[in-house]
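These notes are about the structure you will find just below.
The values are calculated or read from the model by the stated rules, or taken from the named source; none is laboratory data. Model, not experiment: these values are computed from the prediction. Using ideal geometry, Cβ is built from the backbone for each residue, glycine included, and neighbour counts are taken over all protein chains shown. To get the accessible areas, we keep the full protein, side chains included, count just its heavy atoms, and leave off ligands, DNA and RNA. Shrake-Rupley method; radii C 1.70, N 1.55, O 1.52, S 1.80 Å.
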Amino acid sequence: MSNVSPIQGPQIVPVAPRGAGGPAAASTPSVGRERDHADFSVIARFRSQLASLPEVRQNVIDRVRAEIEAGDYESADKIEAAIDALVEDL
């Protein structure tokens, strides 16, 4: 016969968290060990920044473009509001 024990179903095996001590921590010294790190490409950082931007409201963009082309976008009220905002920023 075989010396292999039969499988008795799923079992819970306790695992100590890193740095919690225990036999694994005692056998592997932490002195001189390198820490994990990741290097991200410029493209990956750019994509991350793009993902954090608010959604584009294309319907608003299309409406404003149409108003500008028709000459209806600029009004005295909008120009006055823009001037007031510029003065406040100064």
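Protection proxy ranking of 49-59, 79-89, by the mean of other Cβ atoms within 10 Å over each peptide's residues and highest first, is 79-89, 49-59.
Does region 30-69 come out rounded, prolate or oblate by the C-alpha gyration tensor, with a ≥ b ≥ c the root eigenvalues, rounded set by a/c under 1.5 and, if not, prolate when a/b is larger than b/c and oblate if not? Because a/c hits 1.5 or more and a/b exceeds b/c, region 30-69 counts as prolate. Rolled with a 1.4 Å probe across the full set of protein chains, the surface gives Arg65 an accessible area near 140 Å².
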